[in-house]
Amino acid sequence: MIRLLPVFSALLMGCHMASVPDTDPGVSRNLARYRQGTVTGPRYQLRFSLPEERSHPVRGEVTLSFEWSGGDHPLILDFDRPRSRVAAISVNGEEAVAEYTEDHILLPPGLFRRGKNSVSLAFEAGDDALNRNDEFMYTLFVPDRASTAFPCFDQPDLKARFRLTLEIPSSWTAIANGELRTEINWKKRTILGFEETAAIPTYLFSFVAGKFRVVTAERAGRRMRFLHRETDQFRLDRNRDRLFDLHATALAWLEAYTGIPYPFAKFDFALVPSFQYNGMEHPGAILYRADSLLLEDSPTQDQELRRAGLIAHETAHMWFGNLVTMEWFDDVWMKEVFANFMAAKIVHPFFPKLNHDLRFLMAHYPVAYDVDRTAGANPIRQDLPNMKEAGSLYGAIIYKKAPIVMRMLEELTGEAAFRKGVRDYLSEYSFRNASWPDLVGILDRKTSIDLREWSRTWVEKAGRPEIRVDLVQDNEGKIVTLLLRQDPVRKQPLSLLLGKKTLPVTLDDPELAVREAKGLPVPDFFLPNGRGRGYGRFVLDPSSRSHLLQHLPKLEDPLLRGISWLTLWDDMLEGEIPPGALFDLAIRALKFEEEELNVSRFLHDLNTLYWRFLSVEDRTRFAPNLESFLLDRIAKSEKASLKSAFFRTFRSVVLSSEGVTKLRRIWNGTKSIPGIGFSESDRATLALEIAMRLPGEAETVLMTQRERMRNPDRKRRFEFVSPAISPDVATREAFFKSLKNPANREHEPWVLEAVHYLHHPLRAADSIRWIRPSLDLLLETRETGDIFFPKRWLDATLWGHRSEAPAEVVRTFLEEHPDYPEKLRGKILQTADELFRAADILQH
Ligand SMILES: [Zn+2]
């Protein structure tokens, strides 16, 4: 608690009732509840003046009007700025005196009347969430950063209408949530007036302004536009139509599924260079990372899929999250699960030949398991006492496990009943807020299963059940009893595979006797997760394990090959299979694998095995053969996307001097690979990988690349990352130290790329010294960085390490901080899990 005027202090101190506001830093659940109960229908009239000079402050004015139902407590606005940044407050037209705490402005209750009120303020905005660059800026307020830019009620259940005016340099352009209504040009400045928005939460309010070019198109009678800064005209031309088509198809699909027309007035998006996330769903002004939408020449199928999935995801948010919003951020997973779940359905028609079950498996399970098998696993729905911790809720469990669980729910409920429930939920809560129990209440009426119990085990508990098969057979090789055991018990439908025969079962007890199996011949292998729809650690019996390890490439069904691979991967991590044996299987499987989704997964894991789980001697010994194997696959693959996938792996694993020379010739253009084109960013990555491997020539390679680069945004990024590759440890040390200044962490994707190279396995012996200071910085990155940054910071820091020494650094840090914030501690344990396992496996 912070200093208060005596009159307020008496009212606020010592009150612990749920509906009493507090002025703790951030927005507490209590404050939010109190405001929700006393404030209705907020409207913001906002004006921002954006200077051309990045160093000059952004100034603003706001008039906030709302209905007030009275009370004895002050009105509390959220504004995370010193009081010196606020001027001229008036309440209902009269000048007013406010009290300030760290994150709040308090206005005495006596100034307000029941019914309509308004508060006007002039202020200087903080830059934290304005993402200011030399030629452009954009707001990113999710989850609680609107209050760094302007005074507001920064909580999701006080949805408001926003009327925005922007004053910008005349050479700039801008989009916002509302349609542009007026434009006035005056002395090199332009004043843009935007239409008032529908009711949206503060985290969705947004604008983008700067030197952008605008592309317009019409699809199905709707005008759409996007802003971009791409300088490569071919790259733009190649992608433009596809971007509009993907959005239009997603919109049409969602309108049909939900029965509700697109809920907002207009549809624009912006391609932002080095945007922190892949996308953010601001209604009328979606922001995307430019590189995620403008694909390079010969993209892999995986990149195409990701792009289609990303566009579908952000578009689905218009209904799920934007039209109906969670009450509080503890339910942020709901908007994400629906966006991902719908996206998976939407991308179907774009890829008619795609194996969608396999796609769902590969897109969700490995990433969800990577968290859920660790000691840091978190449940889907998590408590959130204060908005300032909201960023820590995001992660693989929300994005990957929740859609798996939702699909299970759809299967248990039935597709039609599920869809009807979703429609009822959307129409009942349109332009309002709803919680998970609200949806459970609606769906519960449509199903015979106990949805509340189901939610308690799957949504509110962390981790995955362990499922194993127990078999008794007779002398003739026939099954006498077959038991499926699950611990802990979670209701789930499974398909038990016995060689070629599938038996559907529903697990709902610690032990299930599969009667249909009695008398059947014992098959070559059992796979409890036959169709890949179950969720858990499926423990293989020794003979199934060795059968699959031997014969996986010969399994006919690509889905089955994928499921088997993921199951064996779990076995490797548990120490049941030596990494070398799985590495060998990956090579054998990749020789014949034609299903690109499997190729991507095998290559990804091959890379991890190579850098993290093979001993240094094995890695060095395998390198030349692996390189020639990959070169052979590049040459022999017919599809450009497959060539590209194999090439990326080659680029990442190459170690032999012959291989590096080849890479260098590709980079400088003296060697080409038929079927693969190399863009400016491809060449930049090549230069970094080469410089890492050829310390003597690093400087020349990096300088040559820098001089070649035309796109100013990419060039700045390259310059930023380069010192992290330096052969000189002192230069890298200085670079790492520079990251302690939050201003140098502003461009998060740049930082993450640099940190990734800093901790490259080839440099692990040098970089171990930066692990501890990186952990020490973690808490601060939660304050200064965007929501995904702390986890990604950890990922980039630990990925290149595998021995006992770095594992010990992490353990010591955790021991020395017994009171460390729980969610962040969870993130450390999630990221360090593979390091711990690798250190353990390599020691034995
Ligand atoms: Zn999302």
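The values are calculated or read from the model by the stated rules, or taken from the named source; none is laboratory data. Fair warning: this is a prediction, and the values are worked out from it, not measured in the lab. Positions of Cβ are generated from backbone atoms using ideal geometry, with glycine treated the same way; all protein chains shown enter the neighbour counts. Surface areas here come from the heavy atoms of the whole protein model, side chains and all, with no ligands, DNA or RNA. Shrake-Rupley method; radii C 1.70, N 1.55, O 1.52, S 1.80 Å.
Tell me which of these D302 doesn't satisfy, since it passes every other one: (1) out of contact with any Ser or Thr (no Cβ under 6 Å at 6 or more places or on another chain); (2) more than 16 Å from the ligand (Cβ to nearest atom); (3) assigned to a helix (DSSP H, G or I).
Here D302 meets the rest and fails (1).
Of all residues in region 491-538, how many are in contact (Cβ under 8 Å) with a residue 60 or more places away in the chain and in a loop (DSSP other than H, G, I, E, B)?
9
If I ask for residues that are open to solvent by less than 60 Å² (accessible area, probe 1.4 Å), over 20 Å from F267 (Cα atoms) and in a helix (DSSP H, G or I), which ones from region 218-245 would you list?
Result: R235, single match.
If a residue has to be basic (K, R) and without any contact (Cβ under 8 Å) to a residue 24 or more places away in the chain to count, how many in region 331-361 make the cut?
Going through region 331-361 one residue at a time, the tally reaches 2.
Within the group S672, S641, S679, S600, which residue is of a type outside the set (D, E, K, R) and free of Cβ contacts under 8 Å to residues at least 12 places away in the same chain?
Selected residue: S672, the only one of S672, S641, S679, S600 that is of a type outside the set (D, E, K, R) and free of Cβ contacts under 8 Å to residues at least 12 places away in the same chain.
Quick one: which helices (runs of 4 or more DSSP H) lie wholly within region 770-821 and hold at least 2 residues that are under 18 Å from the mean Cα position of the chain (by Cα)?
It comes to 771-784, 789-798.
When you check L323 against the structure, is it closer than 16 Å to L204 by Cα, aliphatic (A, V, I, L, M) and either out of contact with any strand residue (DSSP E or B) (no Cβ under 6 Å at 6 or more places or on another chain) or away from the ligand (no atom under 11 Å from the Cβ) (or both), yes or no?
Here the answer is yes, as L323 does meet what is asked.
Does D331 satisfy the criteria of being open to solvent by 20 Å² or more (accessible area, probe 1.4 Å), in contact with a Ser or Thr (Cβ under 8 Å, 6 or more places away or on another chain) and more than 13 Å from the ligand (Cβ to nearest atom)?
When the stated conditions are applied, D331 does not pass them.
Which count do you get for residues in region 271-288 that are within 13 Å of the ligand (Cβ to nearest atom) and touching a Gly at 6+ places or on another chain (Cβ under 7 Å)?
4
Restrict the check to region 191-203 and report whether at least one residue is crowded, with 24+ Cβ neighbours inside 10 Å, within 23 Å of the chain's Cα centre (by Cα) and within 13 Å of L46 (Cα to Cα).
yes
Which pairs do you get when a residue that is over 18 Å from M137 (Cα atoms), found in region 163-186, comes within reach of a residue that is open to solvent by 70 Å² or more (accessible area, probe 1.4 Å), reach meaning Cβ atoms under 7 angstrom, with the pair 6+ apart or on two chains?
R163/Q45; E179/E195; E179/A265; R181/E195
What tally of residues in region 704-728 results from selecting those that are part of a helix (DSSP H, G or I), surrounded by 13 or more Cβ atoms within 10 Å (Cβ to Cβ) and more than 27 Å from the chain's Cα centre (by Cα)?
5
When you look at D157, is it touching a helix residue (DSSP H, G or I) at 6+ places or on another chain (Cβ under 7 Å) and either in a helix (DSSP H, G or I) or open to solvent by 30 Å² or more (accessible area, probe 1.4 Å) (or both), yes or no?
For D157, the condition - touching a helix residue (DSSP H, G or I) at 6+ places or on another chain (Cβ under 7 Å) and either in a helix (DSSP H, G or I) or open to solvent by 30 Å² or more (accessible area, probe 1.4 Å) (or both) - is not met.
Look at A743 and say whether it is within 23 Å of L609 (Cβ to Cβ) and either among the hydrophobic types (A, V, I, L, M, F, W, C) or in contact with a Pro (Cβ under 6 Å, 6 or more places away or on another chain) (or both).
No.
Kindly provide the set of residues from region 729-769 that are assigned to a helix (DSSP H, G or I), free of Cβ contacts under 8 Å to residues at least 60 places away in the same chain and among the charged types (D, E, K, R), ordered by number.
Within region 729-769, R732, E733, K737, R745, E753, D766, R769 meet the criteria.
Considering region 368-390 alone, what residues qualify as being open to solvent by less than 20 Å² (accessible area, probe 1.4 Å), of a type outside the set (S, T, Y) and not in a loop (DSSP other than H, G, I, E, B)?
If the condition is that a residue be open to solvent by less than 20 Å² (accessible area, probe 1.4 Å), of a type outside the set (S, T, Y) and not in a loop (DSSP other than H, G, I, E, B), then A368, V371, D372, N386, M387, A390 are the ones that fit.
If I ask for residues that are out of contact with any Lys or Arg (no Cβ under 7 Å at 6 or more places or on another chain), assigned to a helix (DSSP H, G or I) and free of Cβ contacts under 8 Å to residues at least 60 places away in the same chain, which ones from region 686-703 would you list?
Those that are out of contact with any Lys or Arg (no Cβ under 7 Å at 6 or more places or on another chain), assigned to a helix (DSSP H, G or I) and free of Cβ contacts under 8 Å to residues at least 60 places away in the same chain: A687, A691, P695, G696, E697, A698, E699, T700, V701, L702, M703.
Within the set of pairs 6 or more residues apart or between chains, which connect a residue that is more than 12 Å from P283 (Cβ to Cβ) inside region 310-323 to a residue that is in a loop (DSSP other than H, G, I, E, B) and within 10 Å of the ligand (Cβ to nearest atom) with Cβ atoms less than 7 Å apart?
Correct list of pairs: L310/N278.
Scan region 334-359 for residues that are away from the ligand (no atom under 16 Å from the Cβ) and either crowded, with 19+ Cβ neighbours inside 10 Å or on the phi > 0 side of the Ramachandran plot (or both) and report the count.
Residues in region 334-359 being away from the ligand (no atom under 16 Å from the Cβ) and either crowded, with 19+ Cβ neighbours inside 10 Å or on the phi > 0 side of the Ramachandran plot (or both): 3 in total.
Scanning for something among the hydroxyl-bearing types (S, T, Y), within 22 Å of I841 (Cβ to Cβ) and buried (at least 18 other Cβ atoms within 10 Å of the Cβ), does region 519-542 turn up at least one residue?
no
Would you mind telling me which numbered condition in (1) open to solvent by less than 10 Å² (accessible area, probe 1.4 Å); (2) within 30 Å of Y262 (Cβ to Cβ); (3) at pLDDT below 95 G441 fails?
(1)
Restricting attention to region 272-297, which residues are in a loop (DSSP other than H, G, I, E, B), of a type in the set (G, A, S) and either modelled with pLDDT of 95 or more or open to solvent by less than 20 Å² (accessible area, probe 1.4 Å) (or both)?
Selection gives G284, A285.
Regarding A796, is this residue touching a Leu at 6+ places or on another chain (Cβ under 6 Å) and among the small types (G, A, S)?
yes
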